[in-house]
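A.B. asks: Here it is, the structure in full.
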Amino acid sequence: MFSSVRVRLTLWYTAVLTCVLVAMAFATYFLLRQDSARRTDAAIVEVADSFLATVNAEARDAIGPDGLKAAIEQAISEHKYRETVFVVLDQEGKIVGSTSNQLLKEPPGASVEILQEAMGRGQAGIRPFRTVRLQDEVHRSYARRFSIGKEEYTLLVLQSLHHQREFLESVIGAFGLAIPLAILLASGAGYFLARRSLSPVVEMSTQAGRIGADNLHERLLVRNAQDELGHLAGSFNNLLDRLDHSFEHQRRFMADASHELRTPVAILCGEADVTLSQPSRSPEDYRASLDILRAEAKRLKRIVEDLFTLARADAGQHPLTLSNFYLDELIAECARSMKTLAAAKQITLTCNASKELPIEADEALLRRMIVNLLDNAIKYTSPGGSVAVSCDAENARYVMTVSDTGQGIPLDLQPRIFERFFRADKVRSRSGNDGGGAGLGLSISEWIVQAHGGKLELTRSDKDGSTFRVYLPAAVTQPLIARLSSNR
């Protein structure tokens with residue numbers, strides 16, 4: 001039951017609403033009681049002032065104690081109220097006059113104690129108000145001392161709190177009925193709203209549960225892209241887009257890899273079958289067959305190594321082995337190693353790298369990247385053409401350029417040249433029987449450059465040839481230069 005988000009939201013909402021309503025009820029009751037008490041006290045003072053004004057008016061013509069007593073009795077007779085009792089006491093605490101003698105007779109002794117306390121409060125002039133209980137009824141008492149001539153008296157006013165108590169009890173009863181009803185209605189409405197608000201989540205969960213590898217193209221329905229649930233559905237759809245792209249990439253990768261591996265394997269098997277099908281062959285025939293087998297085995301090995309490199313790179317398991325060396329020396333070494341391949345195709349290979357280009361990087365990976373770019377340039381350059389490699393320092397980075405005089409890459413295919421297994425073979429002619437590559441060289445080169453915080457881009461490709469440019473951060477420090485200089 002409590003595992004449901006709807007139920008938990010409803011319970012939290014109900015608990016908070018209950019606390020708020022109860023707090024408001026207590027505050028309202030307290031304010032009403034205080035206001036009622038102030039109004040009662042003000043009314044008592046008002047009737048007391050009226051009573052004393054009547055006593056003073058009647059006492060003007062009074063002669064002697066009997067006249068004063070008559071004046072007090074006359075004032076008492078004029079101020080008879082249903083809920084108010086007036087009691088006048090002399091200095092000895094005896095009752096001079098009262099509008100309700102019956103109230104002061106029962107219970108026994110209670111009236112004497114009240115009168116004595118009233119006289120004390122009246123004489124002291126402090127805390128004239130007090131709440132007392134007479135005959136099982138609560139009264140508000142007010143004691144006030146006054147004088148007529150030379151005589152001192154104490155006026156005690158008793159105001160019944162019966163109506164005030166009834167009003168406060170009705171307020172409590174109203175709260176006791178209204179609060180549970182409000183909580184019940186609010187709980188039902190809260191559960192309904194929570195269920196309605198979370199219904200899109202349930203729907204999205206159902207839709208997401210139906211999406212698998214076979215239908216990754218399906219997406220969650222977004223009712224309102226501006227609210228929180230819309231953002232959640234949009235984020236989930238973006239995740240599905242990335243997963244779909246990854247699955248498609250993996251499927252295409254496997255298909256391309258299978259295709260690339262199938263060709264050399266088929267050649268190996270076919271050449272072996274042809275060789276074994278003839279009972280006797282000349283040594284030259286065997287050597288030719290072995291040359292073909294070796295070439296295809298090398299090609300197969302290169303494809304497997306490239307695939308392994310990309311797989312480790314995608315998994316983040318190909319860390320860089322950093323070392324300090326000079327980039328210009330590495331470029332010169334790579335150019336010298338590729339001159340034999342260029343000379344076999346009658347291609348001129350030139351190297352023009354600035355001196356003193358210290359760098360801290362993975363030397364083996366950078367060597368592979370440079371060789372890939374040079375091999376790619378030589379492979380797609382016709383005999384009699386030229387390939388050039390250069391490197392210069394530019395601000396805080398090194399810029400290496402590899403250019404050739406091949407036929408170039410069509411404009412519509414240029415954005416795809418760094419994709420895996422992509423080859424523009426139909427437009428960039430090959431020479432020789434090398435069989436071509438698997439279309440992984442530029443992908444690996446791009447990853448190597450990016451792993452070093454750099455960028456590899458095709459800056460020019462037209463009928464006059466192509467130019468690739470590599471940007472590598474120099475990150476040159478004085479201690480690095482000193483170490484390299486000492487090792488030279």
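A.B. asks: Tally the residues that are open to solvent by 10 Å² or more (accessible area, probe 1.4 Å), more than 13 Å from T459 (Cα to Cα) and either within 41 Å of the chain's Cα centre (by Cα) or touching a residue at least 60 places away in the same chain (Cβ under 8 Å) (or both), restricting the search to the stretch 399-417.
C.D. replies: Residues flagged as open to solvent by 10 Å² or more (accessible area, probe 1.4 Å), more than 13 Å from T459 (Cα to Cα) and either within 41 Å of the chain's Cα centre (by Cα) or touching a residue at least 60 places away in the same chain (Cβ under 8 Å) (or both) within the stretch 399-417 amount to 2.
A.B. asks: Across the stretch 185-217, what is the number of residues that are open to solvent by 80 Å² or more (accessible area, probe 1.4 Å) and over 19 Å from V5 (Cα atoms)?
C.D. replies: Going through the stretch 185-217 one residue at a time, the tally reaches 4.
A.B. asks: Within the group R252, R281, which residue is of a type in the set (D, E, K, R) and farther than 22 Å from L440 by Cα?
C.D. replies: Within the list R252, R281, the selection yields R281.
A.B. asks: Still on this structure, please answer the following. From R223, R210, R219, R242, which residue is modelled with pLDDT of 80 or more, under 22 Å from the mean Cα position of the chain (by Cα) and at negative phi? Please lay out each step first, then the result.
C.D. replies: Values: R223 fails: modelled with pLDDT of 80 or more; R210 fails: under 22 Å from the mean Cα position of the chain (by Cα); R219 fails: under 22 Å from the mean Cα position of the chain (by Cα).
Going through R223, R210, R219, R242 in turn, just one is modelled with pLDDT of 80 or more, under 22 Å from the mean Cα position of the chain (by Cα) and at negative phi: R242.
A.B. asks: Something else: Give the residues of the stretch 17-30 that are farther than 26 Å from Q159 by Cβ and surrounded by 12 or more Cβ atoms within 10 Å (Cβ to Cβ), sorted by residue number.
C.D. replies: Answer for the stretch 17-30, where residues must be farther than 26 Å from Q159 by Cβ and surrounded by 12 or more Cβ atoms within 10 Å (Cβ to Cβ): L17, T18, L21, V22, M24, A25.
A.B. asks: Can you list residue pairs whose Cβ atoms sit under 9 Å apart, with the first residue in the stretch 40-63 being touching a residue at least 12 places away in the same chain (Cβ under 8 Å) and farther than 16 Å from G97 by Cβ and the second being of a type in the set (A, V, I, L, M) and part of a loop (DSSP other than H, G, I, E, B)? Count only pairs 6 or more apart in sequence or on different chains.
C.D. replies: T40/L161
A.B. asks: Additional query: Within the stretch 346-363, count every residue that is surrounded by fewer than 17 Cβ atoms within 10 Å (Cβ to Cβ) and modelled with pLDDT under 90.
C.D. replies: 3
A.B. asks: When the stretch 369-397 is examined, which residues are found to be within 43 Å of the chain's Cα centre (by Cα) and surrounded by fewer than 24 Cβ atoms within 10 Å (Cβ to Cβ)?
C.D. replies: Residues satisfying the conditions are E394, N395, A396, R397.
A.B. asks: Report, by residue number, each residue of the stretch 219-255 that is touching a residue at least 12 places away in the same chain (Cβ under 8 Å), open to solvent by less than 60 Å² (accessible area, probe 1.4 Å) and not charged (D, E, K, R).
C.D. replies: If the condition is that a residue be touching a residue at least 12 places away in the same chain (Cβ under 8 Å), open to solvent by less than 60 Å² (accessible area, probe 1.4 Å) and not charged (D, E, K, R), then L220, V222, L229, A233, G234, N237, L240, F253 are the ones that fit.
A.B. asks: Residues to consider are R33, R39; find the one that is part of a helix (DSSP H, G or I), under 30 Å from T154 (Cβ atoms), in contact with a helix residue (DSSP H, G or I) (Cβ under 7 Å, 6 or more places away or on another chain) and open to solvent by 80 Å² or more (accessible area, probe 1.4 Å).
C.D. replies: Every option except R33 fails the conditions.
A.B. asks: Hey, another quick one. Would you point out which residue out of L89, L134, L103 is of a type in the set (A, V, I, L, M, F, W, C) and at pLDDT 80 or above?
C.D. replies: So the residue among L89, L134, L103 that is of a type in the set (A, V, I, L, M, F, W, C) and at pLDDT 80 or above is L89.
A.B. asks: With respect to the numbered conditions (1) open to solvent by 30 Å² or more (accessible area, probe 1.4 Å); (2) more than 29 Å from V389 (Cβ to Cβ); (3) in contact with a helix residue (DSSP H, G or I) (Cβ under 8 Å, 6 or more places away or on another chain); (4) not charged (D, E, K, R), which one is the sole condition not fulfilled by P279?
C.D. replies: Against the list (1) open to solvent by 30 Å² or more (accessible area, probe 1.4 Å); (2) more than 29 Å from V389 (Cβ to Cβ); (3) in contact with a helix residue (DSSP H, G or I) (Cβ under 8 Å, 6 or more places away or on another chain); (4) not charged (D, E, K, R), P279 comes up short only on (3).
A.B. asks: Of these, E305, E329, which one is more than 19 Å from S443 (Cβ to Cβ), without any contact (Cβ under 8 Å) to a residue 12 or more places away in the chain, acidic (D, E) and surrounded by fewer than 18 Cβ atoms within 10 Å (Cβ to Cβ)?
C.D. replies: Unique residue meeting the criteria: E329.
A.B. asks: For the stretch 161-218, give me each residue that is out of contact with any Leu (no Cβ under 9 Å at 6 or more places or on another chain) and touching a residue at least 60 places away in the same chain (Cβ under 8 Å).
C.D. replies: Across the stretch 161-218, the qualifying residues are L161, H162, H163, Q164, I172, R195.
A.B. asks: So, one more: Does the stretch 431-440 include one or more residues that are surrounded by 18 or more Cβ atoms within 10 Å (Cβ to Cβ), in a helix (DSSP H, G or I) and either at pLDDT below 90 or basic (K, R) (or both)?
C.D. replies: Keep residues of the stretch 431-440 that are surrounded by 18 or more Cβ atoms within 10 Å (Cβ to Cβ), which gives 437-440.
So of that shortlist, the ones also in a helix (DSSP H, G or I) come out as none.
Taking every residue of the stretch 431-440 in turn, none turns out to be surrounded by 18 or more Cβ atoms within 10 Å (Cβ to Cβ), in a helix (DSSP H, G or I) and either at pLDDT below 90 or basic (K, R) (or both).
The values are calculated or read from the model by the stated rules, or taken from the named source; none is laboratory data. The shown structure was predicted, so the numbers you read here are calculated from the model rather than taken from an experiment. Methodologically, a virtual Cβ is constructed for each residue, glycine included, from the backbone with ideal geometry; neighbour enumeration extends over all protein chains shown. To get the accessible areas, we keep the full protein, side chains included, count just its heavy atoms, and leave off ligands, DNA and RNA. Shrake-Rupley method; radii C 1.70, N 1.55, O 1.52, S 1.80 Å.
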